[in-house]
Structures are given as structure tokens and as C-alpha cells.
Amino acid sequence: MGTHPPGQLSEANGPQACFLGRRRLMTILVTMFALVLAASMSLFTYRVLHQDVQHNIKTLEQQAAVLASNLAATAAEPLLERDYTGIEQLLLRAIQFPNIDEIQVADTSGRVLSDVVLENRRGVARFGVPALTLPDAATVHVEWRNGRMVTWHPVFPGD
């Protein structure tokens, strides 16, 4: 009988040794397959979730831009008439839309004409709010500040 190095199987070691070696090899192959499958599923799930989150963010930004545009168009007439109570009533109705925490209407210098916030699921008007720093663009403007989306749209009376 010849001696074989440890780990090398042959019929000389007996049929029991070959069976244990094949069994160990199968266990290693199944484990490796399971790990590769789990890793690929995890990467696929991460990719799909990332794409879904990006799509949801883009959709929210588009909805906010449309809402800001509609509010700007609706607020134009009360602004021309200097009907600040009418603007406030408009904002109190608009604050009921989902995911909106605050709506403000400001003049061209940034002075806040009306400010409505959501408190306990109700719109509440606030007064004495400091002036805003308005963006330079004369179109819809969407940005993220401290995890909150801020949307701005100019009001063009007479449009």
C-alpha cells in the first residue's frame, strides 16, 4: 500500500474516503452557489430600490412644480387686488395636499405676504415671518434643503 498526502483521495484509501471527499466537495459547491446567488439578489434589490427612489423623487419634484405653478396662477388675481385674506384662504386649502408642510407667498423683494403651515393636520396662518431669499430664476425652481424639498414659482399677474 502506498501512502498518499493528506487530502488526496484514491481508491487505495478505500471507498469510504472517496465518498467523504465527494460529499465535502458538493457541500462547498452548494455553499458557493448559495453565496453567489445571495450576493447577486442583494445587488439586484439594491439597484431596483435605488431606481425606484430616484423615480419617486423625480415624480415628487414634478408634482410640486405643477402645484406651485397652479398656486401662482390662482394667486395672481388676489395679488393684483391686494386681497391677502383671499391668498391666505387659497393657501389654507392647498396645505391639505399630502406631503406639504408649508406654503408661502412673497413679493418680489422676498417679503412674505402669506405663510401657512401644517400643524396637527390643520393649516395654520403664521405672521411676522422674516423675508425670504428668492432665487434669481424667473421660472419654477426646485431644490432640496436639509432633507426637505423647496419649490418656488413666480407669480405673473395678467397671464
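How much space per residue, in cubic angstrom, does the convex hull of the C-alpha atoms of the stretch 60-139 take up?
It is 98 Å³ per residue.
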Counting each DSSP H run of 4 or more residues in the chain as -39500 (n - 2.57), what helix-only mean residue ellipticity at 222 nm follows after dividing by all residues, to the nearest 500 deg cm²/dmol? -18000 deg cm²/dmol
Which whole-angstrom value gives the distance between the alpha carbon centres of the stretch 34-74 and the stretch 109-138? 28
Going by alpha carbons, how many degrees (0 to 90, nearest 10) lie between the helix axis of 15-80 and the longest principal axis of the chain? 10
If the chain between E102 and R121 were fully stretched, how many nm would it gain, using 0.36 nm times the residue separation less the Cα-Cα distance? 5.7 nm
What distance in nm separates the two pseudo spin-label positions at R111 and A137, each 7 Å out from Cα along the beta-carbon direction? 2.7
Can you give me the relative contact order of the chain as a percent, contacts being Cα pairs under 8 Å and 6 or more apart? 18
At a temperature of 4 °C and a viscosity of 1.567 mPa s, determine how fast the chain diffuses translationally according to Stokes-Einstein, using the Kirkwood radius over alpha-carbon pairs as Rh; express D in µm²/s, rounded to the nearest whole number. 62
If you put +1 on each Lys and Arg Cβ and -1 on each Asp and Glu Cβ, how big is the dipole of the chain around its Cα centre, in Debye rounded to 20? 1120
Tilt of helix 84-94 relative to the longest C-alpha principal axis of the chain, in degrees (0 to 90, nearest 10)? 20
Summing +1 per Lys or Arg and -1 per Asp or Glu among the other residues with Cβ less than 14 Å from V124's Cβ gives -1
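Where a number appears in this text, it was derived from the coordinates with a stated rule and is not lab data. Computed from a predicted structure; not experimentally measured. A quick note on method: Cβ atoms are made from the backbone with ideal geometry, for glycine too, and the neighbour counts reach across all protein chains shown.
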